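Enquirer: The structure under discussion is supplied below as structure tokens; questions concerning it will follow.
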Amino acid sequence: IGIGKKQPTLGLLFPGQGAPQANPKSAVFQRFAELNRFLSQTQLSQAEQINTANAQPNIVRTTLAGLDLLKQFKLQASAAVGHSLGELSALHWAGAYDQASLIELAQARGHAMANYGQANGGMASIGADPSTIKSLINGDQAVIAGYNGPQQTVIAGSREAMSTLVERAQQQGLAATN
């Protein structure tokens, strides 16, 4: 919530799949029965939670329940962003498509990731520019997956390559995590 203006402003950050799971014992779920009803309809087993094809549409359904709750309180955000899967929710919030389309997109995204992703894949974040990262990769089974900033690059590839590259980066004094 922004404070420096006459009217406070609200911004939304929609999560990706790595967000914490809903806790039915939390105060929010205890206070708002409609969230409990939603949670009971989308409760996933541990195996299903790991399955991206099942998890992604349920994450956006949780987002939709949260947006409905904000409407009940007559709270309107002035801006929204999303991380990874959350980008789809942010676009829905902005009016790019309706709820049914959001769920359909999340299902398609989840199925694509589950069917075409690598089981041994991973990602790492390294505090360096892309040219430095390219020299670090040097033939390893990895690619540059994202540029988060001038000195923040994300790589993706096999878990083994991620571990090797993080260690190599740290040996060069670079901040790196996978």
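Enquirer: Modelled label-to-label distance, D140 and V154, 7 Å Cα→beta-carbon offset: nm?
Expert: For the pair D140/V154, the computed spacing is 1.8 nm.
Enquirer: Further question on the same structure: How much length is gained on full extension from Q171 to Q7, taking 0.36 nm per residue of separation minus their Cα-Cα distance?
Expert: Details: separation 164, 0.36 × 164 = 59.04 nm, distance 4.93 nm.
Between Q171 and Q7, full extension yields an extra 54.1 nm.
Enquirer: If you don't mind, there's one more thing I want to ask. How long are the semi-axes of the equivalent ellipsoid of segment 60-147, taking √(5λ) for every eigenvalue λ of the Cα gyration tensor, in whole Å from largest down?
Expert: Working: eigenvalues 234, 62, 19 Å².
Semi-axes, largest first: 34, 18, 10 Å.
Enquirer: What number comes out for the charge environment of H92, summing +1 per Lys or Arg and -1 per Asp or Glu over other residues with Cβ under 12 Å away? The partial results should precede the final answer.
Expert: Values: positive: R61; negative: E87, D98, E104.
Charge balance in the 12 Å sphere: -2.
Enquirer: Let me ask you something else. For segment 117-132 and segment 145-171, write down the distance between their C-alpha centroids in whole Å.
Expert: Cα centres, segment 117-132 to segment 145-171: 4 Å.
Enquirer: Which value in nm describes the separation of the simple spin-label points at A77 and A94, placed 7 Å from the Cα toward the beta carbon?
Expert: 1.2 nm
Enquirer: What list of ³J(HN,Hα) values in whole Hz, one per residue of segment 75-85 in order, does the Karplus curve 6.51 cos²θ - 1.76 cosθ + 1.60 (θ = phi - 60°) give from phi, with Gly and Pro shown as x?
Expert: Ordered by residue, 3J(HN,Hα) equals 9, 10, 7, 9, 7, 8, 9, x, 9, 6, 3 Hz.
Enquirer: Continuing with the same structure: So if we plug the beta-carbon distance of L69 and D129 into 1/(1 + (r/R0)^6) with R0 = 45 Å, what FRET efficiency do we get, rounded to 0.05?
Expert: Values: r = 42 Å, r/R0 = 0.93.
Plugging the Cβ-Cβ distance into 1/(1 + (r/R0)^6) gives 0.60.
Enquirer: Order the peptides 72-82, 164-174 from the highest to the lowest mean number of other Cβ atoms within 10 Å of their residues.
Expert: On the way: 72-82: 12.3, 164-174: 16.0.
For the peptides 72-82, 164-174, the packing ranking is 164-174, 72-82.
Here, each number is a calculation from the coordinates, and none is a lab measurement. As the structure is a computational prediction, the values presented were derived from the model and not from experiment. Neighbour counts run over all protein chains shown; Cβ positions are idealised from the backbone, glycine included.
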